[in-house]
Every structure is written in structure tokens, then in C-alpha cells.
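Single-structure report; data block below.
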Amino acid sequence: MSEQSDLAQVTRLVGERREAYLGRLADYVRLPSVSAVGGEPVRAAGVQIRDVLRSGGFDARLHETAGQPVVVAHRGGARDRPHVLIYGHYDVQPPGEDELWDSPPFEPAVRGGRMFGRGTADNKGQHLAHVIATELLVELAGELPCPVTFVLDGEEEVGSPHLDQAVRELRAELATADLVIVSDGPTARDDRLDLVYGLRGILAFELTATGADRDLHSGHYGEIPPNPLWTLVHLLASMKDEAGNITIDGFGELATPLPEREQAAIAALEPDPAQLLASIGAPRLAPAPVAGVARRQMARPTLTINGLHGGYGGPRNKTVLPHQALAKCDIRLVDGQDADTAWELVQAHVRRHAPDVTATWHGAMHPARTPMDTPYAAAVAGGIRGATGQEPVHRPTMGGSLPMWVFTRTLGLPALVLPLGNVDQANHAPNENLALDRFYQGIAVSASILLALARS
Ligand SMILES: [Zn+2]
């Protein structure tokens, strides 16, 4: 059968089976696999998707880790075709306050062409679309057009602390992959899918300062013990200047420049800054040493103070000298800025500028990069065109972070991110949802990509 007619058949079957597929997504979303809480409910989701893969003819198992298991599943296909590894995660974010949801987070509900529920888009619906695509291809042709491996993480929402170790243990069966596809996150715009080649890394940490062992009267004790809030204000000011440069000693030198092709692609994606500012209700751009917004999102590191806490914040005033202060921070890392080295530099900077301050590590991911001229990108883009009629938007980098480095760095494989979810999926927020047409389209896109890769 030709690729075109296979794809047409996939689309027809998806159309006929919409209700059944929705039911399967609902069954999966109903499991409250919140990795921040952990325990049996998370594992149960891993078991469920392992069994789904098994009934689809995959050789699927749980690979145990010190945390939640990684689901690993293989199914053959013509062996001389590219071997595709699809990464996703079966854990979900905590739902947050129930009152903020229009329907309970773990009782999936369909309204206005969307399914609402924690994990619908992030990430159960997105990898389930790939799983269903493989079932359809096998049903139509008796076998997959190319070998496919699924790696489904149970701890992505807590920073994938055991994924790298698991991937190292599974190296013999994973390193034979030719290409990794990760479907996570929303697309940047409604009308076209994104194909993303790189991710910024992240380093999350906390700075704590203490003064006396109790809060004191600012008149009687001001300037006697150090004020921990001033200590943090000065330390933070030494880490980033008013022009927006990160001034952590040695940090800037780590970054490596992007190749010309990537730089040109970033320039071509420059949004209208006025429109962007209006969309987020901000009066102006933050100071930064580069022109343009796209470069800030894709080619620059950021240091963000996520929270600064200490002292009195109640009504009127209280003339108190606080005894403790805390800053939560994250740094988004770009090419060359290895997360371990960045953390050493942060600690050394703190020791030098504020030796009394304690720096605590809260997790990290390295940046990841796959060159835009990677051999399989053209086939993947062709598959997307085949299913959607539109060329994807080729993005050198996504501003956020995913554990893609485990594949690019540990296994040395090219990896592409292909978000299948809608722009307004509200991942990590109340009323998370997946647009149903995106879910169905995702199945067709996945099938189309596997067919295109097999032909490449
Ligand atoms: Zn997430």
C-alpha cells in the first residue's frame, strides 16, 4: 500500500474511532500520577501505559529506578529503516487548588471541543497519540514501517532525577535509535506545528541568609547584626547588572555561539515586540544587552529571581529587623553552559561575595542542541506536511527546558521536539486541557512521520 493511502486510512480510522480514543485518554488521565506526591498512583499510570503498549504488540516493561520506573517498549519494523525513539512522561503536575478547576482535575470532562483534566496535554494525550498511531500502522500493514521505541518517564515533572541513570543502564537497547522525538508542551501558534531543535537548560537554587537568631527592633538593633535581606539584595545585585548582563564570575565565558544557520533562523522568528508586550500586559521590555526578543528567548541565558522572602509584609508597617531571608532563583542555560559547571560557578560566586549565605541546589538540566541540518529533520517535516498540509515552524531553541540532553548528550542522538498540544493548554495550571482536534491530528501526524522516515 502506498504511503498516501496508508495516511488516508489512518485519518479515516481516527475519524471513525474518536469516541473510543477519547475514552482511552480519559482512562489514562483519571489516574492521579502526581510525581511530586509520588507513590503507588504514579506507578499505576506506568503500569497502565505499559499494558497498553503490550496489547499493541510492543515488548514493554518497567525499568526500575530509585524513584518511579521508566516504561521501555520496543516494536520492530523493517530493520533497515530509521529506528525512532519517542520520549514522553506518564507523571503529572500537582493539580493545585480544586476550586480553581471548573471540573475535578482527575475526572476528565469534555467541553467546547477540549478534554479538561490534569495530564491531558502534559503529557498523557501527547504520547498516547503516538502510541495509537503505531497501533493503526500495524493494523493497516501488519507491522510498523520502522522500528519504534518508547521511553516514558515517571518523574519528568520533578526534573527527571533518575532518567539519565536509567538511560545509561539501557544504553545497549536505546543507543541504536537514529532519532529521538519528544512531544511535550504547547505549540507557539494555533495554525502551525513547531519543530524544535534545542532546549535551554535550567539550574534551580535557593539562597538563604541569616542575621541574629530572632527578629529584632530596628531602632535598637539596626546595623548591629547583618540584615539578611540587605545581604541578599547586594548578593543578587552582584549576579546581574542593570543592563541585564549576568555577572556571576566566569559564567558568560561558558556560552558558545550558535552556528550561522541557527542564528538566521532565530532572527527570522522575531515577533512584534509591541504585540508580545500587549499579550502579557507588560509596559516595556526588560533591559537586556541584545536587541530583539527571539534572541532573548532562544540564545541568551536568564537569571530569574522567582521569589524573595523575609521580614514583614503585612498591613501598615512594622519596624522589624528580620533574622532570615530567602531568595529562590533559576538560571536558564544556553549552549556550552553545562549545568554542573554553572552550579560550581554560582557557589564560588556566593562564597566570594557573601560567605555567610547558604546556596542550596534544587535541580538542573543541561541545555540540548541538535543541528538544524540533522539528516532526519527533512523527513519529519515532510511527515508533518503530509498530515497537516503545512510546513512546521522550525525553531532552533525552545525557551523552556526538558530532559532532552539525556538523549543528545548521554546517548549522542539527534532529538527533535514536536509539541502536539494547543497553545492555550494551560499545562501546570488549573483547567489543563487538550483540544480534541489536536489529539486526533497528533495521531495522524505521528503516523505520517513514521511513514516518511521509513521512506527516507
Ligand atoms: Zn510539564
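The values are calculated or read from the model by the stated rules, or taken from the named source; none is laboratory data. Since this is a predicted model, take the numbers as computed values, not measurements. Reconstructed Cβ throughout: ideal geometry from the backbone, glycine too, with neighbour counts over all protein chains shown. Only protein heavy atoms, including side chains, enter the accessible area calculation; ligands, DNA and RNA are left aside. Shrake-Rupley method; radii C 1.70, N 1.55, O 1.52, S 1.80 Å.
What to note about this one:
- Comparing HIS234, LEU308, ALA209 along the charge dipole axis of region 204-356, the residue lying farthest to the positive side is LEU308, per the Cβ-charge model.
- Region 13-113 has equivalent-ellipsoid semi-axes of 27, 21, 11 Å, by the square roots of 5 times the alpha carbon gyration tensor eigenvalues, sorted largest first.
- Loop sites in region 1-103: GluC sites (Glu not before Pro), DSSP, at most 10 other Cβ within 10 Å: GLU97
- Approximate shape of region 417-456 as ellipsoid semi-axes (Cα gyration tensor, √5λ), whole Å, largest first: 26, 10, 5
- Using alpha-carbon coordinates, inclination of helix 40-55 to the longest axis of the chain, degrees: 20 degrees
- A straight Cα-to-Cα reach below 29 Å connects LYS318 with the lysines LYS328, residues fewer than 8 places away in its own chain not being considered.
- Rounded to the nearest 10 degrees, the inclination of helix 339-353 to the longest alpha-carbon principal axis of the chain is 10 degrees.
- Check: the chain dipole with +1 on Lys, Arg Cβ and -1 on Asp, Glu Cβ, in debye: 360 debye
- Across the chain, the relative contact order, built from alpha-carbon pairs under 8 Å that are at least six residues apart, equals 25 percent.
- Of the accessible area of the chain, computed with a 1.4 Å probe over protein heavy atoms only, carbon and sulfur atoms account for 52 percent.
- Rounded, prolate or oblate (a/c below 1.5 giving rounded, otherwise prolate when a/b exceeds b/c) for region 373-444 by Cα gyration tensor: oblate
- Short to long, the 5 Å bins of the Cα pair-distance histogram for region 142-237 hold 2, 7, 11, 12, 12, 9, 8, 7, 7, 7, 6, 5, 3, 1, 1, 0, 0 percent of all pairs.
- Nearest-ten-degree value, helix 436-455 long axis tilted from longest Cα axis of the chain: 70 degrees
- ALA175-SER218 pseudo-label distance in nm [points 7 Å out on the Cα-to-Cβ vector]: 6.0 nm
- Region 217-310: trypsin sites (Lys or Arg not before Pro) in DSSP loop, at most 10 other beta carbons within 10 Å: ARG284
- Look at the alpha carbon pairs under 8 Å that are at least 6 residues apart: their mean separation over the length of region 160-290 gives a relative contact order of 15 percent.
- The distance from the alpha carbon centre of region 372-441 to that of region 133-185 is 14 Å, rounded to a whole number.
- Spatial offset of region 74-121 relative to region 290-358 amounts to 32 Å, using the alpha carbon center of each.
- Tail beyond 20 Å, pair distance distribution of region 183-318 (Cα, percent): 64 percent
- Residues whose amide H lies under 5 Å from that of ASP184, counting only those 5 or more places away or on a different chain, are LEU418, LEU420; hydrogens are built 1.01 Å from N in the peptide plane.
- Counting only the Cα atoms, the chain fills a convex hull of 160 Å³ per residue.
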